[in-house]
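Encoded as C-alpha cells, the structure appears first; notes follow it.
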Amino acid sequence: MTGFALGVDQEEWCGQLRALAAERLRPLAEKGEPGRVNRPLLAALGELGLLERVFASGALELCLLRESLAYGCTEAETALALQGLGAYPVLRAGSEEQRERWLPGVRAGRAVAAFALSEPGAGSDAAALALAATADPAVAPAAGGGWRLSGEKCWISNAPEADFYTVFARTGEGPGAKGVSAFLVPADRPGLSGAALDMLSPHPIGSLTFDGVPVGPRDLLGEPGRGFRVAMDTLNLFRPSVGAFAVGMARAALDATLAYTADRTAFGGTLSDLQAVAHRVAEMATRTEAARLLVYAAAGAYDRGAGDVPRRAAMAKLLATETAQYVVDHAVQLHGAVALQRGHLLEHLYREVRAPRIYEGASEVQRTIIAKELYAGVVTR
C-alpha cells in the first residue's frame, strides 16, 4: 500500500471478498436467527480460510477483510470480527497449551470465542471494572492456588453461547488498571451462567454471571496484574478495523444511494438532477473516502510498530463510525419510505450502524484518548 492507495492485487481480493460475502455468506446469514450465534456461518468462514487470515495477517489486511465483508454481508463481518476479538488475547498472551487447545477450533469456526470486558458499571471506563478474582488456595492447590471469579459482565458479544471467554477481572496487584488480570474461562466452568440481551443489533449479545467460578494459574492470559495491557493491545488492533467495518457499511449505503437517485424520477427528472441531492451525495462520498484513508493510515501505523498507534486507532474509529452514521442516515433520507421497510438494505444498515459508535470505546472515549495522546507531547513552561 503506497500513499494509501491499494495495489491491483489488493483491489482484486477485495472485489472477490465482496462477491463471496453476497453470494456465499449472505444466504447463510439470512437463515440464522437474530441474536443467536450462527454456527453454519462461522463454519463457512473457517472453511473459506477467512478466520485463519484474521490471525495470520496484520492490521491492514484485517481492515481490508472487514470492510469488504461488511459491504456484502454485515453478519459475516461481525461473526469473523468477534472470533478475532475474543481469541486474539489467547494468540498474543496465551500459553502454548491454551493456544493449541482453542485456536484451531476458532480458526475452523467450530469454537466460538468472546471478549468479556464490559460490566454494568464499567463500560467506557474499562479500568473501573469490578469483577472480583479472590485468591483461593483450594483452587489448583498443586499450582499454589488460584482464584474465584465473582460478579457480572454485560453487553458481551457472543454471550451466552460462546465456548470460551477472555475475561478481565480484578486480582488487586495494584490500584486501577494495574490490578487487572486476564483469564481464559471455558463456558462449562461451574458457577458461570448467562442470559441473552434483546438488542438493536442483530448479532448475539448477552450478560454473564460469575458465582465463584474457579480459575487457576493455567487459565491466566499473561501475567497477574497485566490484564489491562492485554485488553488494550487487542483494542489497538481492532479499533481501526471497527472503522473498516463502518467504512464498508458507508460504501454500501453510498452505492445504493447513487443507483437509486440516478434512476428515481421526480420533479420532471431524476433525483440526481436536483442540486440539493447531488451535493448531499458528494458530501457522503467525500466523508467516506476521508474516513477510509484514516482507517488505513492507522492500520499501516500499527503494522509498522509506530509509537502513535493509540491516537491513530482512536482517530480512525471515531471518524469512521461517525461518518458511517452520517452516510447511512442521509441514504435513508434520500431513499424515503422505501428504506424503512423491513428487509431493505438501508433498514438493515440503519440498525447495524449505531452500535459501533459505542462498543470498543464510545466516541467520547476516543476523543479523550486522542486529546490525552496529543497533550502528552506538549512541553509546558
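Taken together, the values in this text are just the output of simple stated rules run on the coordinates, not laboratory data. Values in this document were obtained by computation on a predicted structure and should not be read as measured data. Positions of Cβ are backbone-derived with ideal geometry, glycine not excepted, and every protein chain shown enters the neighbour counts.
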Starting from the Cα-Cα distance between Met199 and Ala135, subtract it from 0.36 nm times their residue separation and give me the gain in nm to one decimal. 19.5 nm
Quick check for you: which residues of the stretch 329-366 have the amide N under 15 Å from the point 7 Å beyond the Cα of Asp263 toward its beta carbon? 335-336, 338-339, 344-346
In debye, nearest 20: dipole of the chain around its Cα centre with unit charges on the Cβ of K, R (+) and D, E (-)? 540 debye
How far apart, in nm, are the 7 Å Cα→Cβ label points at Gln16 and Asp308? 3.5 nm
Quick test of the membrane-span-like rule: which DSSP H helices of the chain reach at least 27 Å along their long axis (C-alpha atoms) with mean Kyte hydropathy at least -1.0? 74-93, 227-263, 275-304, 309-335
At a 10 Å Cβ-Cβ cut-off, how would you order Asp233, Asp211, fewest neighbours first? Asp211, Asp233
Cα pairs beyond 29 Å in the chain, in percent, come to 43 percent
Neighbour-count ranking [beta-carbon atoms within 10 angstrom, fewest first] of Glu360, Glu47: Glu47, Glu360
What nm distance separates the two modelled labels at Leu374 and Ala278, each placed 7 Å from Cα along Cα→Cβ? 3.6 nm
Cβ-Cβ cut-off under 13 Å around Glu322, Lys and Arg +1, Asp and Glu -1: the net charge is +3
Which one of Gly109, Leu69, Pro89 is farthest out on the positive end of the charge dipole of the stretch 61-128, using unit charges on Cβ (Lys, Arg +1; Asp, Glu -1) and the Cα centre as origin? Gly109
With only helices counted (DSSP H, runs n ≥ 4, each -39500 (n - 2.57)), the per-residue ellipticity at 222 nm for the chain, to the nearest 500, works out to -17500 deg cm²/dmol
For Thr270 and Ala128 in one chain, what is 0.36 nm times their gap in residues minus the Cα-Cα distance, to one decimal in nm? 45.7 nm
Provide the FRET efficiency to the nearest 0.05 for the Glu100-Ala5 pair, computing r from the beta carbons and using R0 = 51 Å. 0.80
